[in-house]
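**Q** Sharing a structure here in structure tokens format.
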Amino acid sequence: MSTTDRAKRLMEAGTTAISDALDRLGIDGQALDIMPVVRSMKFAGPAFTIRMLPVGTTQGSVGDYIDDVEPGQVVVIDNDGRMDATVWGDILTWVASERGIAGTVIDGVCRDSDRCVELKYPVFARGNTMRTGKDRVTADAYNVSVQIAEVRVEPGDWLAGDADGVVSIPADKVDDVLRLAEEIEEAESAIRAKVKDGMRLDQAREKLGYHSLQTKQETN
């Protein structure tokens, strides 16, 4: 499956079905409290990770890595949840949009949110503010393990986001998660159809195994 096709199907499945699929597989991948700048934003793609640290005795860049991010990748920035120093703004949004980067996820805050809206570029963060991260934080390492809202993200893991938030999927489990998420969506559509045809909701749920859709699978 191509990266483009996988991204499209993940966005169509949506984060709630993906979250249920993660639960079923026993994977803790829900990055809680990371939300889109605008609810209509959505994305899916493999992670290009950045770890930020407070500025110490050496100064460094906040955003020069953008030239190394490939089209279709997701910029994933671990800023330790800081709310007082932004790590994403106007220029980065413009460059990312121009280059076909899929989106940006920040454990922290962004700024210049109007540019995200104007360009319809997906940015997901804990919030937004005006205060720059320049001379406050620096990019310490690229394509390393990071933590986003207590979820570990490895380079190449898949992330998806929409109005309900962000989920992270281990790279070697993405197709399993996608298959289960689509099965969950199909089951819920079938439940709605049966209720529309006159069946009681509890009967429809029982018939289609609704209560087991999110239950962790037993492993041998």
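Derivation of every value follows stated rules applied to the coordinates shown; laboratory data play no part. Remember, it's a predicted structure, so these values are computed and weren't measured experimentally. All Cβ positions, even for glycine, are placed from backbone atoms using ideal geometry, and neighbour counts span all protein chains on display.
**Q** Give the separation of the Cα centroids, region 169-204 to region 65-119, in Å.
**A** Value for the Cα centre distance between the two parts: 33 Å.
**Q** Let me ask something else. What do you get for the angle between helix 3-13 and the principal long axis of the chain? Use alpha-carbon atoms, 0 to 90 degrees, nearest ten.
**A** 60 degrees
**Q** Sorted from largest down, give the three principal axis spans of the alpha carbons of the chain, whole angstrom values.
**A** That works out to 65, 42, 32 Å along the principal axes.
**Q** Follow-up. I'd like the orientation of helix 174-196 relative to the chain: the angle between its Cα long axis and the longest Cα principal axis, in ° from 0 to 90, rounded to 10.
**A** So the inclination is approximately 50 degrees.
**Q** So if I place +1 on the C-beta of Lys and Arg and -1 on the C-beta of Asp and Glu, and nothing else carries charge, what would the dipole magnitude of region 3-175 be about its Cα centre? I want it in debye, nearest 20.
**A** So the dipole magnitude of region 3-175 works out to roughly 280 debye.
**Q** Separate question: Sum up the charges of everything whose Cβ sits under 10 Å from the Cβ of THR93, counting Lys and Arg as +1 and Asp and Glu as -1, but leave THR93 out.
**A** Working: positive: ARG111, ARG115; negative: ASP90, GLU98, ASP112, ASP114, GLU118.
Value of the local net charge: -3.
**Q** Please give the net charge around ARG82, taking every other residue with its beta carbon less than 11 angstrom from that of ARG82, where Lys and Arg add +1 and Asp and Glu add -1. Please list the in-between numbers first.
**A** Working: positive: ARG126, ARG131, ARG136; negative: ASP78, ASP80, ASP84, ASP107.
Combined, the nearby Lys, Arg, Asp and Glu give -1.
**Q** Can you work out the FRET efficiency for the pair ALA193 and GLU12, with r the C-beta to C-beta distance and R0 = 22 Å, to the nearest 0.05?
**A** Working: r = 18 Å, r/R0 = 0.84.
The value I calculate is 0.75.
**Q** Report, for region 1-153, the % of DSSP beta bridges that are antiparallel, rounded to 5. The partial results should precede the final answer.
**A** On the way: 10 of 25 bridges.
The answer is about 40 percent antiparallel.
**Q** Can you give the net charge of the other residues whose Cβ lies under 10 Å from the Cβ of PRO170, counting K and R as +1 and D and E as -1? Spell out each step's value before the answer.
**A** Values: positive: ARG152, LYS173; negative: GLU154, ASP157, ASP172, ASP176.
Here the charged neighbours net out to -2.
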